[in-house]
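Let me begin by presenting the structure, written as structure tokens, before commenting on it.
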Amino acid sequence: MTFTIPIDNGDALKNAEADSQRTLYPYVTGTSIVAIKYKDGVLMASDMGGSYGSTLRYKNIERMQAIGKHSLLGASGEISDFQEILRYLDELVLNDNMWDDGNSLGPKEVHNYLTRVMYNRRNKFNPLWNTLVLGGVKNGESYLGMVSMIGVSFEDNHVATGFGNHLARPILRDEWRADLSFEEGVKLLEKCMRVLLYRDRSAINKLQIAKITEEGVTVSQPYSLKTFWEFSAFHNPTAGAQGSW
Amino acid sequence: MFRNQYDTDVTTWSPTGRLFQVEYAMEAVKQGSAAIGLRSRSHVVLACVNKAQSELSSHQKKIFKVDDHIGVAIAGLTADGRVLSRYMRSESINHSFTYESPLPVGRLVVHLADKAQVCTQRSWKRPYGVGLLVGGLDESGAHLYYNCPSGSYFEYQAFAIGSRSQAAKTYLERRFESFGDSSREDLIKDAILAVRETLQGETLKSSLCTVSILGVGEPFHFLDQETIQNVIDTFEKVAEEEEGEAGEGEAEGEAAAAAAPAEQGGSGDQDVAPMEM
């Protein structure tokens, strides 16, 4: 955990030095999250990479975490901000548990809480640089929603962040069904993740798939997808342009 | 209860371990006009007696909607009750805004109790002089709580507070075991019958009582006069005709005997402050 000693330089909009106290750009980032509702709940997939600009610096980052009994949070964007959000949620869940009164936070409540946090930070020009995916099941009802760093929030049957929006969602729009079984869901997610692996330069071939159902959350062990690079066009790629590489 | 040297401020203990100011605050609750609450597994009914200062004025509002799923009936200092209702509404709406989800009534009641406790431990404050019957829903169904000025709260199947509430409580004690499975209509009927007990002879009319209900799939709302009168008619029809004249004579006699405000609170030998209803 990193600490910043708070320096009160005043209003970030009026005082130049105060800028150093608000978010300007992300540093260590995670790439896409893809998630779908399926028959028994929600499935979510993410890779384990943390990029430092164009360098694939960290290769063992878990970007999905269980929240309370009923929810699963996945994050793309700044990893340190994700960790900060996890601390907020930890406190939230702790206080909820301390009531010990039979009521518990469901995915809808967590999603809305996160929306409030993200939007309020955005209003102060100091965003948490993440796009969050919140999935869960409570009382038999599946829930899947997203919050962006500017506080845009919505629910859907399938969501994706970052590159996933462009590469994975078209696949999901064509092939998603409400009654997907677990195996079909995983296959569908792997199809999306494979496309992302080929086309997103910040993706790495080490992914996890998480499942949340009425029983709870399970996050799989990391594994890699089979890829195929033996396309004939990749043999002797500079054939058409001598001297290039 | 008699005046003694330990009752001047709320932060003074008596040698027997009592906080007299808190107990006096609870007396204020007993002086207010009756409020009754009862619940089944899925519904909560709150009912109260309508009391007006005089024939010229309107009656005091004693039941408040806190949210679609929570209502509160008060007895005692109505100004304190109004302020606490506003606090409850505020807590409820803030929770809804942040979590898009109704605040569980059990948690609201604890916030309320903590707020009341603060007033029993600051020398510059006084306890709230109002008792609150809070009815609401949470994940485990319908609940009824009583919050008192001391800062404690209890959960009830049925309860009554305010003046002549003992009569209502006796009625409820006989019947409460069946309330859990009561239908909505039976619950309303029992509430109105309990109100009748506190009137002690006065004819029960729909203008004399306010009844509210909330439940699973039914947001908090007041029952209109017609509905209440219909329920009254189902059990008063025969009795009303016989008792009509006798009841009127009784009511007139009581009005003459009471002090300046035509309040039926208290045992009649103490003046009741106009601010208490």
Subject >> Value at 222 nm in deg cm²/dmol, rounded to 500, when DSSP H runs of n ≥ 4 in the protein assembly as shown each add -39,500 (n - 2.57) >> reply: -11500 deg cm²/dmol
Subject >> Residues A:Tyr88 and A:Thr55, FRET efficiency given R0 of 30 Å [Cβ-Cβ distance, rounded to 0.05] >> reply: 0.55
Original post:
For region B:3-223, what is the relative contact order in percent, using Cα pairs closer than 8 Å and at least 6 residues apart in sequence?
Top reply: 29
Original post:
Rounded, prolate or oblate: which one fits region B:4-121, using the alpha carbon gyration tensor with axes a ≥ b ≥ c (rounded when a/c is under 1.5, else prolate when a/b beats b/c, else oblate)?
Top reply: oblate
Original post:
Cα gyration tensor of the protein assembly as shown, axes a ≥ b ≥ c as square roots of the eigenvalues: rounded (a/c below 1.5), prolate (a/b > b/c) or oblate?
Top reply: prolate
Original post:
At what distance in angstrom do the alpha carbon centres of region A:127-200 and region B:172-232 lie from each other?
Top reply: 51
Subject >> Neighbour-count order for B:Ser58, A:Ser181, B:Ser40, A:Ser32, fewest beta carbons within 10 angstrom listed first >> reply: B:Ser58, A:Ser181, B:Ser40, A:Ser32
Original post:
Around A:Gly53, with a cut-off of 13 angstrom between Cβ atoms, what is the net charge of the other residues, counting Lys and Arg +1 and Asp and Glu -1?
Top reply: +1
Original post:
For B:Leu103, which sequence-distant residues (separation of 5 or more, or a different chain) have an amide H within less than 5 Å of its own amide H, given hydrogens modelled in the peptide plane?
Top reply: B:Ser96
Original post:
Here are some pairs, B:Lys65/B:Lys169; B:Lys61/B:Lys169; A:Lys59/A:Lys191; A:Lys69/A:Lys187; A:Lys108/B:Lys125; B:Lys30/B:Lys115; which of them have Cα atoms lying more than 29 Å apart in this structure?
Top reply: A:Lys108/B:Lys125
**OP:** Work through the residues other than B:Phe176 whose Cβ is under 10 Å from its Cβ and net out their charges, Lys, Arg +1 and Asp, Glu -1.
**Re:** +1
Subject >> Whole-angstrom gap from region B:112-171 to region A:33-82, using each part's C-alpha centre >> reply: 46
**OP:** Please list, or write none, the lysines whose alpha carbon is within less than 30 Å of the alpha carbon of A:Lys14, excluding same-chain residues fewer than 8 places away.
**Re:** A:Lys124
Original post:
What shape does region A:28-222 have by the C-alpha gyration tensor, where a ≥ b ≥ c are the square roots of the eigenvalues, rounded means a/c under 1.5, and otherwise prolate means a/b greater than b/c and oblate the rest?
Top reply: oblate
Subject >> Net charge, B:Trp13 excluded, C-beta distance under 13 Å - Lys, Arg +1, Asp, Glu -1 >> reply: -2
Original post:
Can you sort B:Phe222, B:Phe2, A:Phe234, B:Phe64 so the residue with the fewest Cβ neighbours within 10 Å comes first?
Top reply: B:Phe2, A:Phe234, B:Phe222, B:Phe64
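None of the figures in this text is laboratory data; all of them are computed from the coordinates on show. Everything numeric here is computed off the predicted structure, so don't read it as measured data. Please note: Cβ atoms are built from the backbone with ideal geometry, for glycine as well, and neighbour counts cover all protein chains shown.
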